[in-house]
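The values are calculated or read from the model by the stated rules, or taken from the named source; none is laboratory data. Values in this document were obtained by computation on a predicted structure and should not be read as measured data. Because the Cβ atoms are built from the backbone with ideal geometry, glycine has one as well, and the counts that use them run over all protein chains shown.
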């Protein structure tokens, strides 16, 4: 059998086999074992089969497949030409297999470039003989043809354009050729190929038809079928269609009216598409064309902003308005004026009855337009501000004035944005009105009643903006603005409604960014006047100090703020100001270095800050150790030293360490002094890099701290700090290899501490050591052994032990990487893996007295773990956690709270896990809502959990409890605490909501 | 679409001018910004002195009652959405703090207090007044303990249909009947959906 016979035999049954046959023919052709003429001749009886069209089509398909497999240069130019003639000739007489013919032609083109004449012949043959495309029912056939036409248009731009220029009749048939195509794959190509005539040909005469041929598809409502293998989305089609609509200015007379017509659609998605298309058109069409439609567009688009239906539609409309302004700015003045005249007129009208939704919208419109460029902004200012100010001055209504100021603020905000993006400012128009604006705003802030919060806030914002708009205010005007705001910060002592200090401080900080010198020269001295060296009994400089410290967030005035604080502290100290005041000053200094923006060198805070600010404080501590400052002040000094010392390099740290090691050693030895000094030493050692410290000294300090902790009375205040210090030393300074030996040498080996009947102090120290080890994660076996020893105590000891488990994972800012501690990435998982399975197993066999111990310890551990760690073990945790909710002692409240937090997360993320416990969960949660045995925080949390149940659990699982829950929650609505009542209302609403679902189902 | 609305362009009260708990409770101690600088953690020495526990015990020691007051009622209903505008009743001035009154029990033996809310429609011809009143009533009945009787009325002189609406809202049977009406229930639920 010949290849064609085999092919025809296989093609319907086995596509792959048919392909193989074609490939074989192709390789024989290539190897010259088969002559082209013989191949064609062998096709003869089939390709001309009079009775069966499908055989003719399949024969062409065979030819197309063979050609597709041929490599470059397998056929001579003459052969290719002949084949081309053959195929085109067939199409003229017979349309069967037209898709395959197109494929064959694409393959032929791939074998060698065509000349102009061939291109035009191919194009003509298809347009003349196969018009319209929709007559072919198979998508694949049409697909092959549009691919061929796409190829012609893409590769032979000139040739196809000449075709259109030579024949006026060509374009109409070309446009109508694709009419009625519905398949998204074909449309994707058609939208793309039409771009060529739309942008490159002179289609003026056919513009409407061409436009309509694509706009017929607007808006695209295509929804891809599920598991669509072609992956074409509606968005892909929308993007290509939009490019077509915006392709040629000649489309404008048809595009804008039709688009604006569709903007009245009730479908939000259609409106979204329209706005996108309008934006594309504004960008795509010539400015001259835009000019013709700018006012029409404004008249339509404004409604989307003045009466917002959907916020995103308003935003897109604003963007469109801004684009129009930007496009018109490039040309002469006339078009922009013509566009802005009605805009300004309408906005001015809306200002007359400010504040309304419309006046607010006007502000947005003016902002959008002004931000498009200085030219437009200039015109907006000239058009709006005179009216705005005359309305402002002509009205006594504060509400109205507020509305007007808000519009003014929108315009000024545009200038700030412009200043950030365009260096060449054109601000004369705004400058001319700025003086009036500053006057009005200062007057508002100074004289308006303090209760008019929104009015004063608008003025405050306005002042900050005017100062920030680069170059708009004169130095004198900025100075007045700064003075006014400073005055509010310093002298307004309102509490509750009317207090705008927080916003004023923010405004002052913003101003400091733009005019640092004005703030430095005018505000800071004013602050200093308010901060005495020694405060009089009655005055409370706290708020002033807080405000002052906040100014340090602006880098340019940081150094001045910090220096003034330091000087003030020194004067206060030397003149014997009260400790509280000194401490506040130190706190302010700590605030500046923690939250302010000190100058950095090589990415770390400058070393000079340490020498200038922290070192003198350390010297003070060293020398004043006789007459002792109180430990809360020492803690702040410690923190300042910590924050400045810890980022520094080894060199500086070594110097500091060696300088202080002597006096610290003697201070630590003295028990009474050491306890008092503990907050300082803790933070000081926390700042040091481990390699800086001397090992012997560390052991000495550890021993001293252990001594302190073991002999502390339960009442002693510093005991906690000492324990944290032990954790720190164990974690950071002690070599893990000699850990046990070092602990023994310091008398704090955990096994020894816990032997016999351990004292509460010994247990505390044991927990501190274990905490340091666990976080470090370098002494696996030892840490495991010690933790197990602690766990074993749960069955024999009282609740005190159980409660201490919470401390193991409690976050501690001392044990952090910033403090050069060793923090294992997996320590939380490790503790979880060892402790939790042990406890869940032990609790099952535990007797009634020790059972609560396990619940308490378990909650203590779980409370600090991220949800991802406990997630996998949740099924085994639910039962003990539910029993935890039954604890009744008043000391167990925090335990219950943490169990409730876990239930909240479970309900949120993995509600199926608790689904089988619904009954007992709902009951227990309800029990937890009852006061006063439960604390307010527990009651509120229980209500939050309970509120999640109807949303997160299956309807049928919760509906049976609805009546009971709704009834019992009535009591919670009358809870003594307001915060609990708020939660009760939310919770009850959620459960009442179950009813509605029910009705909908019916 | 806009033409359907009884009042297309109502006055809107700026959020910062609305009454809030903060305004009426000026004495509450504000935490200073420095307090966060020296945070306290649960102590290793005495785990029961953890900050949560201590704040709990603090609150339990002053487990004194915070009575339900007018501001609390205002907070419950001011976030209800207007049926025509995507705005809250508070910001439209439909409900005002001054128009909420809690009346104590009339006799020493009675436990029943009364909450009286007066509603100010945005225009005197607002046809949705009844629906708004119904929404406020439903919200309060669901959110206040049963010892409160809820009395929702239209403020005198603000609506042409005040008498009729008041009659409807005051009639238990008619309110119950209204809440059987599915489309009315849906409107009310949409209004209440914005309540926290």
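Looking at B:103, B:128, B:134, B:144, which is the one that is touching a helix residue (DSSP H, G or I) at 6+ places or on another chain (Cβ under 9 Å) and within 14 Å of residue B:68 (Cβ to Cβ)?
B:144
Within the group B:117, B:152, B:188, B:141, which residue is under 27 Å from residue A:982 (Cα atoms), buried (at least 21 other Cβ atoms within 10 Å of the Cβ) and within 14 Å of another protein chain (Cβ to nearest Cβ)?
When all the criteria are applied, what remains is B:188.
Among the candidates A:63, A:75, A:70, which residue alone is surrounded by 17 or more Cβ atoms within 10 Å (Cβ to Cβ), over 59 Å from the mean Cα position of the chain (by Cα) and more than 19 Å from residue A:136 (Cα to Cα)?
A:75
Residues in the range A:854-875 that are under 13 Å from residue A:828 (Cα atoms) and within 14 Å of chain B (Cβ to nearest Cβ): how many?
Counting residues in the range A:854-875 that are under 13 Å from residue A:828 (Cα atoms) and within 14 Å of chain B (Cβ to nearest Cβ) gives 4.
Among the helices (runs of 4 or more DSSP H) lying completely within the range A:955-1002, list those that include at least 1 residues that are within 9 Å of chain B (Cβ to nearest Cβ) and modelled with pLDDT of 85 or more.
A:962-972, A:978-992
Could you tell me which residue of the range A:897-927 is surrounded by the most Cβ atoms within 10 Å (Cβ to Cβ), considering only residues that are within 14 Å of chain B (Cβ to nearest Cβ) and under 23 Å from residue A:966 (Cα atoms)?
Here the residue is A:900.
Restricted to the range A:576-618, and to residues that are under 20 Å from residue B:35 (Cα atoms) and more than 14 Å from chain B (Cβ to nearest Cβ), which residue is farthest from the chain's Cα centre (by Cα)?
The residue in question is A:578.
Only one of (1) under 16 Å from residue A:106 (Cβ atoms); (2) assigned to a helix (DSSP H, G or I) is not met by residue A:71, so which one is it?
All conditions pass for residue A:71, except number (2).
Can you tell which of A:529, A:515 is buried (at least 18 other Cβ atoms within 10 Å of the Cβ), within 21 Å of residue A:564 (Cα to Cα) and more than 14 Å from chain B (Cβ to nearest Cβ)?
Criteria check complete, one pass: A:515.
Which one is nearest to the chain's Cα centre (by Cα) among residues in the range B:106-142 that are part of a loop (DSSP other than H, G, I, E, B) and closer than 26 Å to residue A:973 by Cβ?
Only one residue fits best here, namely B:112.
For residue A:462, indicate whether it is within 14 Å of chain B (Cβ to nearest Cβ) and under 24 Å from residue A:376 (Cβ atoms).
No.
Any chance the range A:217-225 includes a residue that's assigned to a helix (DSSP H, G or I) and free of Cβ contacts under 8 Å to residues at least 60 places away in the same chain?
Looking through the range A:217-225, none of the residues is assigned to a helix (DSSP H, G or I) and free of Cβ contacts under 8 Å to residues at least 60 places away in the same chain.
Step by step: first the residues of the range A:928-945, then only those that are under 33 Å from the mean Cα position of the chain (by Cα) and over 21 Å from residue A:961 (Cα atoms), then the one that is nearest to the other protein chains (Cβ to nearest Cβ). Which residue is that?
The qualifying residue nearest to the other protein chains (Cβ to nearest Cβ) is A:937.
May I ask you to verify whether residue A:321 is free of Cβ contacts under 8 Å to residues at least 40 places away in the same chain, farther than 21 Å from residue A:247 by Cβ and assigned to a helix (DSSP H, G or I)?
no
Table: residues versus (1) at pLDDT 90 or above; (2) under 45 Å from the mean Cα position of the chain (by Cα); (3) away from chain B (no Cβ under 12 Å).
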residue	(1), (2), (3)
A:703	no, no, yes
A:717	no, yes, no
A:720	no, yes, no
A:729	yes, yes, yes
A:750	no, no, yes
A:754	no, no, yes
A:768	yes, yes, no
A:772	yes, yes, no
A:777	no, yes, yes
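Spot the failing condition for residue A:426; the list is (1) surrounded by fewer than 20 Cβ atoms within 10 Å (Cβ to Cβ); (2) at pLDDT 90 or above, and only one is missed.
(2)
Do we have residue A:544 as modelled with pLDDT of 90 or more and on the phi < 0 side of the Ramachandran plot here?
The answer is no for residue A:544.
Exactly one of these conditions fails for residue A:278: (1) part of a helix (DSSP H, G or I); (2) more than 33 Å from the chain's Cα centre (by Cα). Give me its number.
Status for residue A:278: all satisfied but (2).
How many residues are part of a helix (DSSP H, G or I) and buried (at least 19 other Cβ atoms within 10 Å of the Cβ) if we restrict to the range A:928-947?
Count: 12.
Which condition number does residue B:175 fail, the rest of (1) in contact with a strand residue (DSSP E or B) (Cβ under 9 Å, 6 or more places away or on another chain); (2) closer than 23 Å to residue B:79 by Cα; (3) away from chain A (no Cβ under 13 Å); (4) surrounded by fewer than 19 Cβ atoms within 10 Å (Cβ to Cβ) being met?
For residue B:175, the failing item is (1).
Against the definition (in contact with a helix residue (DSSP H, G or I) (Cβ under 6 Å, 6 or more places away or on another chain), assigned to a helix (DSSP H, G or I) and either surrounded by 22 or more Cβ atoms within 10 Å (Cβ to Cβ) or at pLDDT below 85 (or both)), how does residue A:743 come out, yes or no?
It is false that residue A:743 is in contact with a helix residue (DSSP H, G or I) (Cβ under 6 Å, 6 or more places away or on another chain), assigned to a helix (DSSP H, G or I) and either surrounded by 22 or more Cβ atoms within 10 Å (Cβ to Cβ) or at pLDDT below 85 (or both).
Under the condition of being in contact with a helix residue (DSSP H, G or I) (Cβ under 6 Å, 6 or more places away or on another chain) and outside any helix (DSSP H, G or I), which residue from the range A:22-55 is farthest from residue A:94 (Cα to Cα)?
For the range A:22-55, the residue satisfying everything is A:34.
Quick grid of which residues meet (1) modelled with pLDDT of 95 or more; (2) assigned to a helix (DSSP H, G or I); (3) over 38 Å from the mean Cα position of the chain (by Cα):
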position	(1), (2), (3)
A:372	no, no, no
A:375	no, yes, no
A:383	no, yes, yes
A:386	no, yes, yes
A:389	no, yes, yes
A:392	no, yes, yes
A:401	no, yes, no
A:405	no, yes, no
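In the range A:241-257, what residues are in a helix (DSSP H, G or I) and either at positive phi or crowded, with 17+ Cβ neighbours inside 10 Å (or both)?
Hits for the range A:241-257 are A:241, A:242, A:243, A:244, A:245, A:249, A:250, A:251, A:252, A:254, A:255, A:256.
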